[in-house]
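Quick notes on the structure that follows.
The values are calculated or read from the model by the stated rules, or taken from the named source; none is laboratory data. Small disclaimer: the values here were computed from a predicted structure and weren't measured. Heads up, the Cβs are rebuilt from the backbone with ideal geometry, glycines too, and the neighbour counts pull from every protein chain shown. Heads up: the accessible areas ignore ligands, DNA and RNA and are worked out on the full protein's heavy atoms, side chains in. Shrake-Rupley method; radii C 1.70, N 1.55, O 1.52, S 1.80 Å.
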Amino acid sequence: MPPTGDPLARRYRRLLCCHPRAYRRARGEEMVGVLLDAVPPGRTRPTPREAVDLLRHGLRCRLGRPASRTVGVWATLAAVICGLFTAAAATRVAWETSRPQPDRAEAVALFAEVFPGHRLGDVEPAAALFTFYSQPLRLRNLDQVLFPDGGEYQQGETLLTAAGAPPAPAERTVADTERRLREAGWQLYEPMVTGDSGCTDKWCASVVRYTQTTVLARRGDTALRVTITSPPQGVSSYLVVTMNRTAPPAVLPAGLLGGLLGAGLGWLVFGWASRRTEAAHPARGAVTVLFAVSMFLWWSPVLLTVPHLLGRHLDEPHPSWHPLWEWLGQPALAMFFVAGALCALLGLALAALPRRAADPLPTAAAG
């Protein structure tokens, strides 16, 4: 057998690191020896097939319970949801690399460029990159974000409205808006036209049918939404413009890296708890129940939210996708996440309890 200190042996040992420590201590050198005996002379690296087999076997070995056919499925569910949560957290951190939301000067300049002949009314700059009820999130609002108003935590936006009566019919305003945006280098999306009924004054003395045309555009890292209402509705403006930033480039790599790290950590932690409770353990049943409850609480918001958001993205254009945490139902359904996290932590604490000692061998009766 080649010496165990050669480069190939070291590489085999690195691949064996995916196995539990106790397993490596008991069988590691034996496995390396068998692998080295089977390789032809001159090879210095494991084959891809050997590497995949060792990694797969090591990950499965970390779960324990060799007779179970479902433990791999449960471990995959735990690893995937942990990866999604850590990816969402990583993307939120990466959002801090974004430019601030458009300020008053940028908004006024755009209005003058795209809407000449229209009189500018109110301008409300975004208070922060992400806001809670249009204001920066504060610690005193944290309980409201967790329950029941988490859906109000949204990306901030700068709002502009036109004052007075429209200087031209709505159809002409829409056409002029699209033309000027194209000339200014904006990428336009298919406009959306919706109809509804509304009041003509604040007392709602009469009701009229109106049409809203929404023009969406993007230029660089800025997204634009223009809503034109015809006929104008009472005290509301006939022209509303919102501006905000799109996701910065750092969001995608941060999400991928955070997701991989979180999934790996989730698999390892699940495997530790699974091995701890596979033998005689005082809390085996409780740990199983708590794990099942955690998976239900964590996956339910995802299964509810993803079809809804996916349907919206397919039905209407989006210059910028919703942040990852919104696809996970967060923070709108944050109580599900918090309750699931508490169940998971309690389950891990119970799994850390000492195992029951093995029953002593029976002894012969005296006499």
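Compared with the rule-of-thumb size 2.2 N^0.38 Å for a compact globular protein, the range 80-168 has a Cα radius of gyration ratio of 1.44. Between Thr211, Thr86, Thr194, the GNM of the chain built on Cα springs shorter than 10 angstrom shows Thr194 fluctuating the most.
GNM on the chain, alpha-carbon springs under 10 angstrom: the most fluctuating residue among Pro125, Pro323, Pro167 is Pro167. For the range 55-207, the relative contact order is 18 percent, taking Cα pairs closer than 8 Å that sit 6 or more residues apart in sequence and dividing their mean separation by the residue count. To the nearest ten degrees, helix 48-61 and the longest principal axis of the Cα atoms of the chain are 80 degrees apart. Pairs of alpha-carbon atoms within less than 8 angstrom and 6+ residues apart define the contacts here; what relative contact order does the range 1-144 have, in percent? Across the range 1-144, relative contact order equals 18 percent.
Charged neighbours of Tyr12, selected by a Cβ distance under 14 Å, balance to +3 (K, R count +1; D, E count -1).
Between Pro231, Pro249, Pro66, the GNM of the chain built on Cα springs shorter than 10 angstrom shows Pro66 fluctuating the most. Rounded to the nearest 10 degrees, the angle from helix 284-315 to the longest Cα principal axis of the chain is 30 degrees.
Keeping every protein chain present and rolling a 1.4 Å probe, give me the accessible area per residue for the chain in Å². The answer is 57 Å² per residue. Where the centre of each part is set by its Cα atoms, how far does the range 235-285 sit from the range 67-127, in angstrom? One Cα centre to the other: 15 Å.
Cα-based radius of gyration for the range 164-271, normalised by 2.2 N^0.38 Å, reads 1.64. I need the Debye-formula profile for the chain: one equal scatterer per C-alpha, no solvent, reported as log10 I(q)/I(0) at q = 0.08, 0.14 1/Å, two decimals. Result of the Debye calculation: -0.63, -1.19.
Using a probe radius of 1.4 angstrom, the carbon and sulfur fraction of the accessible surface of the range 1-101 is 62%.
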